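Visitor: Here you go, one structure.
What follows is calculated from the coordinates using simple rules that are stated; it is not laboratory data. Note that the structure is a prediction, hence the values are computed from the model and not measured. Here Cβ is always computed from backbone atoms with ideal geometry, including for glycine, and neighbour counts include all displayed protein chains.
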Amino acid sequence: MSGKKFDGGKLRWSLLPIRSLNAILEVLEFGATKYAPDNWQRVEDAETRYYDAAMRHLTAWFDGEKTDPETGKSHLAHAACCLLFLIWFDEGKRDAD
């Protein structure tokens with residue numbers, strides 16, 4: 001006899017490359033230690049500044065520099081953090097509408 005489980009329409013977490021998130025968490029840990037946990041949520045003009053930061057990290061990576069000189073962490077992980085922050089700010093604005 002086979003059991004049933006109704007998963008239709010639910011998020012498939014197995015699609016997410018979980019190990020890749022470790023690099024992003026390392027960047028978040030660095031920021032939490034340097035500034036404060038969740039400090040990024042209170043940065044003035046955050047959307048513009050995190051967009052700029054994401055582009056700097058992507059450009060550095062594209063130009064062949066794999067890690068950020070200050071943190072030693074992946075430029076792509078830094079850019080991903082910035083993009084996650086931008087998603088969070090954007091979702092907050094949509095929720096307010």
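Visitor: If you fit an axis through the alpha-carbon atoms of helix 18-34 and take the longest principal axis of the Cα set of the chain, what angle between them do you get, 0 to 90°, nearest 10?
Guide: 40 degrees
Visitor: Now, a different point. Could you give the length gained by full extension between Trp13 and Leu84, i.e. 0.36 nm per residue of separation minus their alpha carbon distance, to one decimal place? Walk me through the numbers on the way to the answer.
Guide: Details: separation 71, 0.36 × 71 = 25.56 nm, distance 1.69 nm.
Using 0.36 nm per residue and subtracting the Cα-Cα distance, I get 23.9 nm.
Visitor: For a quick protection proxy, order the peptides 33-45, 52-64 by their average other-Cβ count within 10 Å, most packed first. Please list the in-between numbers first.
Guide: Working: 33-45: 10.8, 52-64: 14.6.
By packing density, highest mean first, the sequence is 52-64, 33-45.
Visitor: While we're here: So, R0 is 22 Å and r is the distance between the beta-carbons of Glu91 and Tyr35; what FRET efficiency does that work out to, to 0.05? Working shown, then result.
Guide: Numbers: r = 22 Å, r/R0 = 1.00.
Efficiency computed from Cβ-Cβ geometry: 0.50.
Visitor: If the only charges are +1 at each Lys and Arg Cβ and -1 at each Asp and Glu Cβ, what is the size of the charge dipole of the chain around the Cα centre, to the nearest 20 debye?
Guide: Values: 13 positive and 16 negative charges, 136 e Å.
Roughly 660 debye for the chain.
Visitor: To continue, here is another question. Would you be so kind as to identify which of Phe85, Leu16, Thr71 lies farthest towards the positive end of the dipole of the chain, taking Lys and Arg as +1 and Asp and Glu as -1 on Cβ and the Cα centre as origin?
Guide: Leu16
Visitor: Calculated from the structure, semi-axes √(5λ) of the Cα gyration tensor in Å equals which of (i) 30, 20, 13; (ii) 31, 15, 12; (iii) 22, 16, 12?
Guide: Read-out from the structure maps to (i).
Visitor: Assuming a strict under-29 Å limit between Cα atoms, what lysine pair count do you get for the chain once near-sequence pairs (fewer than 8 apart, same chain) are dropped?
Guide: Total qualifying Lys-Lys pairs in the chain comes to 4.
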